[in-house]
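First up is the structure itself, then whatever we jot down about it.
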Amino acid sequence: MARAAATRDWETFSSAGGIQVMTEVEDTDRFQIRSMIATDPPKHTRLRSLVNRGFTPRAVAKAEASVRLRAREIVDAIAPKGEVEFVSEVSSVLPVAIICDMVGVPEPDRPRMLDLTNRLLGGGDQEYGGNKESIARAGAELREYGLWLAKSRLAEPKDDMATTLVHAEIDGDALPPEDLGPFILLLIAAGNETTRTAISHGLLTLTEFPDERRRWLEDLDGRAVTAAEEIVRWATPVMHMRRTVTRDTEFAGVRMRKGDKIAMWYIAANRDEKQFTDPYRFDVTREPNEQGAFGTGGAHFCLGAHLARRELIVMLTELLRRLPDIHVSGKPEKLRSNFIHGIKRMPASFTPVR
Ligand code: HEM
């Protein structure tokens, strides 16, 4: 598939120069937050193999019960209210809880993780810092936290990913601190910011397309998989990933020079009329739906795609089952970013249930 060629050809389109349009090639090293998402094979392959097993469909199926339990707790907490601020009370709560459970972040530290990942991934927005230096500060804090967490597992191992990573070896050597801290940073940041955005857009989209909501409600569980996939396409929570060109090349008729930054705009790919029939139609039964919001294939394809889909399905079906008329009741406040398609705050209303 032509649109996937750049993500598959890592030798020409490298991730090592950074993955956001706004960062410069030297920033990843300057900010010391080079995680596997900003490395190329073979190093990337070795790092990813350390955590791959935790995110397979089987591992995610095992986590299903705890995802459902958390989702039900969230719905229980809001059900009597009738009105909520959806992002802080619903969409941000589940992803941070699940990824922190998996990595091993203690409960009291989770609000701080949310704050730091807001500042790291949404840092272009004034409210979260507004410049590259504030992004670097958030990255440094998260990296240090990751390192501290991993080291505390050396003294007291637990059944979590921080323990796996601190005991991991690559070619007989333990992971050095410059890999360990950023690794945990990546899991926490990638695991919560994106899925939250998908859940928020889920409610927004269902509010904007009431007929599609009705179609989904007719067969809530039966249509959940296609509805969630369509929400991910529609939302495209990560709008782009960047690569750096390593040698002069031509791509789709465009000449590119060594050192050029290029962006893959998933938000555009997901409205590509060559790929999708009637791409501007939101359709909860769309099939096939080869959407590219988790990446378009290749080494860096989203590690958490199965987990994200599960969280989205469980959260939205639990909500719609208990509060079927929940809808967005005011203007969403959008994140100022060309990277994350974020929603900062969004009021929602529904008939209260006691
Ligand atoms: C709807 C939610 C999500 C979206 C839209 C999303 C999107 C993406 C995208 C576009 C990439 C880059 C793909 C590429 O460069 O080819 C990526 C990578 C990644 N994602 Fe996700 N993601 C989501 C949820 C998650 C979750 C829940 C986790 C859990 C930890 C996660 C962990 C990662 C990691 C670790 C990478 C880097 C993989 C690598 O470099 O090998 N993501 N994601």
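The values are calculated or read from the model by the stated rules, or taken from the named source; none is laboratory data. Remember, predicted model here, so these are calculated numbers, not experimental data. Positions of Cβ are generated from backbone atoms using ideal geometry, with glycine treated the same way; all protein chains shown enter the neighbour counts. Side chains included, ligands, DNA and RNA excluded: accessible areas come from the protein's heavy atoms. Shrake-Rupley method; radii C 1.70, N 1.55, O 1.52, S 1.80 Å.
Across the range 269-321, the number of residues qualifying as buried (at least 16 other Cβ atoms within 10 Å of the Cβ) and not in a loop (DSSP other than H, G, I, E, B) comes to 17. Can you find a residue in the range 316-332 that is of a type outside the set (Ser, Thr, Tyr) and within 16 Å of the ligand (Cβ to nearest atom)? Yes, there is a match, as at least one residue in the range 316-332 is of a type outside the set (Ser, Thr, Tyr) and within 16 Å of the ligand (Cβ to nearest atom). Close contacts from the range 321-343, counting a first residue that is under 28 Å from Leu220 (Cβ atoms) and a second that is of a type in the set (Val, Ile, Thr) and part of a loop (DSSP other than H, G, I, E, B), with Cβ to Cβ under 7 Å and a gap of 6+ residues or different chains, come to Arg322/Val353; Leu323/Val353; Asp325/Thr351; His341/Thr236.
Taking every residue in the range 206-221 that is of a type in the set (Lys, Arg) and pairing it with any residue that is part of a helix (DSSP H, G or I), at least 6 positions away or on another chain, the pairs with Cβ-Cβ distances below 9 Å are Arg213/Thr205; Arg213/Leu206; Arg213/Thr207; Arg213/Leu320; Arg215/Ala227. Applying the criterion of at least 1 residues that are touching a residue at least 24 places away in the same chain (Cβ under 8 Å) and either loosely packed, with under 13 Cβ neighbours inside 10 Å or over 20 Å from the mean Cα position of the chain (by Cα) (or both) to the helices (runs of 4 or more DSSP H) found wholly in the range 1-112 leaves 5-8, 27-30, 43-51, 57-78.
Consider the range 7-34 and keep the residues that are touching a strand residue (DSSP E or B) at 6+ places or on another chain (Cβ under 8 Å) and more than 22 Å from Ala269 (Cβ to Cβ). The one that is farthest from the ligand (Cβ to nearest atom) is Val25. Among the residues making up the range 232-247, those that are among the β-branched types (Val, Ile, Thr) and farther than 28 Å from Glu311 by Cβ are Thr244, Val245, Thr246. Can Gly122 be described as under 26 Å from Asn338 (Cβ atoms), modelled with pLDDT under 95 and surrounded by 19 or more Cβ atoms within 10 Å (Cβ to Cβ)? When the stated conditions are applied, Gly122 passes them.
Scanning the range 239-255 for residues that are crowded, with 18+ Cβ neighbours inside 10 Å and assigned to a strand (DSSP E or B) returns His240, Met241, Arg242, Arg243, Thr244, Val245.
Within the range 129-141, the set of residues being of a type outside the set (S, T, N, Q) and either surrounded by fewer than 23 Cβ atoms within 10 Å (Cβ to Cβ) or at pLDDT 95 or above (or both) comprises Gly129, Gly130, Lys132, Glu133, Ala136, Arg137, Ala140, Glu141. In the range 256-268, the qualifying residues are those that are part of a loop (DSSP other than H, G, I, E, B) and either open to solvent by less than 70 Å² (accessible area, probe 1.4 Å) or among the aromatic types (Phe, Trp, Tyr) (or both), and the one that is nearest to the ligand (Cβ to nearest atom) is Asp260. Which residues, taken from the range 199-216, are among the aliphatic types (A, V, I, L, M) and in contact with a Lys or Arg (Cβ under 9 Å, 6 or more places away or on another chain)? Across the range 199-216, the qualifying residue is only Leu206. Gly146 passes every criterion in (1) touching a helix residue (DSSP H, G or I) at 6+ places or on another chain (Cβ under 6 Å); (2) more than 25 Å from Ser329 (Cα to Cα); (3) open to solvent by 10 Å² or more (accessible area, probe 1.4 Å) apart from (3).
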